[in-house]
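> Below are the structure tokens for one structure; questions will follow.
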């Protein structure tokens, strides 16, 4: 506010001085020019009356010639001063309007409002830098969990979009360069309530700057950054950025998982994108050579992963020299049948259209399928607007960088235990994964998937914690019972218990819980609601444990105790 | 040389001198105190105040405050004058004494402004 006020005063200096000078001269004139009273005696207007007259004359109210009719001299002076005062007023008011329309001034106002809105957040919030596909999705997802966010983006169009979007919580948004430390400051990077900074701009250098700023101000706060190059990844890691997300590497990793361990991928996909139609290829032959169009960042990430698993591949790229493409790379876009044939599409197992151009990618897939209909098709979708076309193309796997980053980050924020879980899943074999996958799908029974965590702490699950403090045993099974009828189970599977540094995978239901355990569940969404009831309501937990419902109020508690003693 | 500073110095010193001129004379003698001089002092003092609008330096803010005090004192004096001449009271020696003492207060404030201005000028080494 300070800034705006100073700017207003500074700009108004000249107009106000002009008005005062005009008034001063007018008043002086009226007090000097001789007049006449009703009897024709000479009379001089005093300053009081002169000020009175000029005040209503200058504002063009015009009460008339007061207190006595004017002489010719006074009227002549009135003519002069009326024009002078009206012009000076117009000048002053015009300056104010010009100032309100001034883009600098409006930017300042927006910034001031933004600062005030951020300062008025009294609950933990995330600072999101970059409101592209990823930022947009994350803001909506966090909003659905009731978590507040603050958004900065360079592009005013995206900020306008945010204001029009249907978001329940108020999201302060500012159009500014997020790599500017002053901007980060007013966006609350120094605010203790800012629990995480997400650097999602499409400029690696800006992301770097944001991550450094946050780590300098508050080293313990979580920073998640996206990255587009290995150099940035290394740089971000060097000063302790908590999570660095390279969508291409993540996708290459998932793709490999799909090919090598389809059930593990299915479990991952089921939990991370509940709405996503997974690429189900467990029965398809996936061993063989792949044709990859585009040797950019995506192509290179794929190359690395494929090399690790000794999978054959042929690249197609438009620029062999500049990108330093590997031996045997075919020159071309991949949209023509000739190029694809040259790359040996007939005896390949799948094709990956990974160029940065959506139209080309679709064209590649369609051409390739014409040549060989049973190809596994993987396509990269760059723009969110093209979603319907890509859905219609019926490809096996769509790679959307924005969504991959958003899903990863959302998982990190909502249920960080999933990271541990997926890490451990890799150590098991496919049969184990297949069994787990079938168990999960049976439990889900076509409902929407959800994953959640309970911490056995005084705030996370008060009832369980209170039981444990009284040294009463609470088995994991108690949390998986229906609070309305304890003979029924909830549609949920406990996936993991994290106890200190050890993790118990797929814990047995008879396992007793301990304080500070973190338990990861997956299952139907409504199971979570029932479970919340169990962990926080004393009597519900008592009922599940013993089958008896305890008395609620103090009086009834006393009565039941009294009764027990009488017996 | 900063023309903004020069113009401001002109107005602040002029406000002081006019104020002093009005103040000079027997405190209760209307003949010793000219109404035009008071008028000029008020106008110049208000202009000096507005010139400090939007000044974000510390000295600038204090100068704004002191010249604002001078405005208030002088305007109060002018109101007393207007009341005295336009009612039955008349410009008695008692009224004149209040007007002049109010302007003496303004004189002190203007004097403070000038001292601050001098200090600021000395501090600037170029």
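Coordinate-derived values only; no laboratory data. Everything numeric in this text was worked out from a predicted model, so none of it was measured. FYI the Cβ positions are ideal-geometry reconstructions off the backbone, even for glycines, and counts take in every protein chain you see.
> Using the 10 angstrom Cβ neighbour count as an exposure proxy, how do A:293, A:503 rank, fewest first?
Fewest-to-most Cβ neighbours within 10 Å comes out as A:503, A:293.
> Roughly what angle does helix A:358-371 make with the longest principal axis of chain A, taking Cα atoms, 0 to 90 degrees, to the nearest 10?
With rounding to tens, the tilt is 30 degrees.
> Taking the Cα centroid of region A:334-402 and of region A:475-553, what is the distance between the two, rounded to the nearest whole Å?
Taking the Cα centre of each part, region A:334-402 and region A:475-553 sit 46 Å apart.
> What number, in percent, do you get for the relative contact order of chain B if the mean sequence gap of Cα pairs under 8 Å and at least 6 apart is divided by its residue count?
32 percent
> Rg(Cα) of region B:1-95 divided by 2.2 N^0.38 Å?
Relative to the rule-of-thumb radius for its length, region B:1-95 sits at 1.24.
> OK, next. In whole percent, what relative contact order does region A:2-101 give with Cα contacts below 8 Å and a gap of six or more residues?
36 percent
> For residue A:41, put the label point 7 Å out on the Cα→Cβ axis and report which residues of region A:56-97 keep their amide N under 16 Å from it.
Residues passing the 16 Å test: A:67-69.
> Rounded, prolate or oblate: pick one for region A:59-130, where a ≥ b ≥ c are the square roots of the eigenvalues of its C-alpha gyration tensor, a/c under 1.5 means rounded, and failing that, prolate if a/b is larger than b/c, else oblate.
Prolate shape, in that a/c is at least 1.5 and a/b is the bigger ratio.
> Could you give the semi-axes, largest first, of the ellipsoid that matches region A:446-557, computed as the square roots of 5 times the alpha carbon gyration tensor eigenvalues and rounded to whole Å?
22, 17, 12
> How shielded is A:23-32 by partner chains, expressed as the average number of their Cβ atoms within 10 Å of its Cβ atoms?
Partner-chain Cβ atoms within 10 Å, mean over residues of A:23-32: 2.
> Separate question: Considering region A:248-414, what Rg and Dmax in Å follow from its alpha-carbon atoms?
15.1, 48
> Something else now. Based on the alpha carbons, how large is the Rg to Rh ratio for chain A when Rh follows Kirkwood?
1.21
> Between the helical axis of A:525-536 and the dominant principal axis of chain A, each derived from Cα atoms, what acute angle in degrees is found, rounded to the nearest 10?
80 degrees
> Here's a follow-up. If you take each beta carbon of peptide B:47-57 and count the beta carbons of other chains within 10 angstrom, what is the mean?
Mean shielding by partner chains, rounded to a whole number: 5.
> Fewest to most neighbouring Cβ within 10 Å: what's the order for A:378, A:151, B:7, B:35?
The fewest-first ordering by Cβ neighbours comes to B:7, B:35, A:378, A:151.
> Then there is this: Find the relative contact order for chain A and round it to a whole percent, using C-alpha pairs within less than 8 Å whose residues are 6+ positions apart.
Normalised by residue count, the contact order of chain A is 8 percent.
> From other protein chains only, count the Cβ atoms within 10 Å of every residue's Cβ in B:78-88, then give the mean.
Mean partner-chain Cβ count within 10 Å for B:78-88: 2.
> In what sequence do A:201, B:87 fall when counting other Cβ within 10 Å, fewest first?
Sorted ascending by nearby Cβ count, the order is B:87, A:201.
> Still on this structure, I have one more. Helix B:35-51 against the longest principal axis of chain B: what's the angle in degrees, Cα atoms only, rounded to the nearest 10?
With both axes taken from Cα atoms, the answer is about 30 degrees.
> Please work out the C-alpha center-to-center distance from region A:456-472 to region A:106-158 and express it in whole Å.
36 Å
> Given R₀ = 56 Å, what would the calculated FRET efficiency be for residue A:477 paired with residue A:359, taking r from the Cβ atoms and rounding to 0.05?
Step by step, r from the Cβ atoms, then E = 0.55.
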